[in-house]
Amino acid sequence: MSRLTHRAEDALLGAMLHRPDALPGWITPGMFSSPDRAALWRTLQGIDFSKVERNSIPAAVTAAVGQIEDAGIRACLTPSRLAALVQACPDRRTAALYGGMVLESAIHRSVEHAGEQLRHTARQAEVDQAPEVLEGARRTETRLTALGSAWSEAPETVRNLLDTTPAEPVTLAPRQCRTRTDLRAEAETVASLLYQPAQLAEVTGWLRAGDFSDPQLATVYRAMTTLADRRAPVDPLTVAWEAARHPGAQPSEQVLDELDRGGTPSTAAFTGEQVLATAALDRLDAAGHRIRNLGRHPGVAPTGLIGHATQALEPVAADRERMHHVDRELEPAPADAEPAPAAHTAACPTPDLEIDL
């Protein structure tokens with residue numbers, strides 16, 4: 001698409017060199033794909049053409065270009081280059097549409113770059129940095145909103161011409177595999193819960209089966225939470241029985257045996273937070289992958305592109321909220337907090353749960 005982008009940018013610049021008094025205010029230098037084109041647009045914006053006679057326009061532009069500080073850019077914008085730009089414009093009356101093409105291309109580049117940034121951040125961040133990284137993703141949301149505002153500034157006729165629906169559904173290359181996993185934390189979390197099921201109450205408010213990359217561990221966790229919701233006993237046999245009712249990978253006897261023997265009490269909340277943070281970083285990478293590929297696809301028009309990119313960030317926003325929930329759940333009680341009153345039945349021993357068949 002870069003060749004078409006350059007042609008659209010040259011056509012817009014050529015039209016404006018012919019009629020610089022019609023310079024559209026909704027196109028900014030940053031929307032051009034190369035420094036020399038951006039510099040020429042900035043130069044045109046800096047000239048008061050109301051004081052320049054039409055026959056003197058080429059000389060005024062040449063003189064202004066000569067004032068550009070960067071010698072390399074000045075060398076690119078020779079009088080012959082400026083004349084070639086004028087000739088590159090197919091129809092000067094269509095300048096607004098060329099401007100819309102330039103803006104659309106800039107939006108695609110910006111969305112692609114935002115996706116690349118998200119992927120880089122998600123892959124480089126430490127697990128304990130996940131809350132801050134998810135907060136930082138708000139900048140991408142703000143960026144997409146700004147792109148939507150920039151597109152809305154284009155003339156309605158231009159937007160109607162360019163905001164077309166693809167003839168066929170857009171398909172994007174899927175991500176091949178997860179990039180962030182922590183199988184040790186996943187196994188330790190499930191084993192601890194199996195060893196001490198009372199911990200389920202501490203984690204089920206924010207930990208999901210989808211946070212586990214190991215499908216067998218995900219099935220075991222889902223079975224445990226299902227049993228806990230029913231107030232049913234949670235032990236290796238009941239979990240295996242319940243897991244058989246769930247779709248997906250079934251835990252092998254070896255996996256269940258290892259979980260049963262490897263549990264550590266009172267650690268599920270800590271390792272579960274690691275599982276969630278790792279999964280959140282991976283979903284951030286997945287969002288960046290999708291956003292980047294959307295930006296690279298020329299078949300997605302601006303409004304749809306911004307909308308789909310925003311939707312790709314929804315799982316990230318959900319993870320951000322869950323990470324806040326974890327922080328609230330794991331916050332220590334204030335030192336001067338009054339102890340909770342004892343329940344009336346606290347003095348009576350609680351009998352073991354028995355099911356009379």
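Here are the numbers for the structure shown:
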| read-out | value |
| --- | --- |
| Relative contact order for the range 200-251, counting Cα pairs under 8 Å that sit 6 or more residues apart, in percent | 37 |
| Per-residue HN-Hα couplings for the range 244-250 [Karplus 6.51, -1.76, 1.60; θ = phi - 60°; Hz; x = Gly/Pro] | 5, 7, 9, x, x, 5, 9 |
| Listed peptides 315-326, 8-19 by packing density, highest first (mean Cβ within 10 Å) | 8-19, 315-326 |
| Under the span-like rule (Cα at least 30 Å along the axis, Kyte-Doolittle mean at least -1.0), DSSP H helices of the chain | 95-124, 268-296 |
| Hydrodynamic radius (Kirkwood) for the chain, which is based on Cα pairs only, to one decimal in Å | 24.9 |
| The chain - charge dipole about Cα centre, Lys and Arg +1 at Cβ, Asp and Glu -1, debye rounded to 20 | 2460 |
| Dipole magnitude of the range 67-132 about its Cα centre (Cβ charges: Lys, Arg +1; Asp, Glu -1), debye to nearest 20 | 540 |
| Helix-derived mean residue ellipticity, 222 nm - over the chain, DSSP H n ≥ 4, -39500 (n - 2.57), to 500 | -19500 deg cm²/dmol |
| Residue-count net charge about Val239 - beta-carbon cut-off 13 Å; Lys, Arg +1, Asp, Glu -1 | -2 |
| Å² per residue, accessible surface of the range 49-169 at 1.4 Å | 59 |
| Relative contact order of the chain, defined on C-alpha pairs under 8 angstrom at six or more residues apart (%) | 23 |
| Spin-label zone in the range 1-30 - amide nitrogen under 17 Å from a point set 7 Å from the Cα of Ile47 along the C-beta vector | 10-25, 29 |
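The values are calculated or read from the model by the stated rules, or taken from the named source; none is laboratory data. Fair warning: this is a prediction, and the values are worked out from it, not measured in the lab. Every residue, glycine as well, gets a Cβ built from its backbone with ideal geometry; the counts of neighbours run over all protein chains shown. Heavy atoms of the whole protein, side chains included, go into the accessibility calculation; ligands, DNA and RNA do not. Shrake-Rupley method; radii C 1.70, N 1.55, O 1.52, S 1.80 Å.
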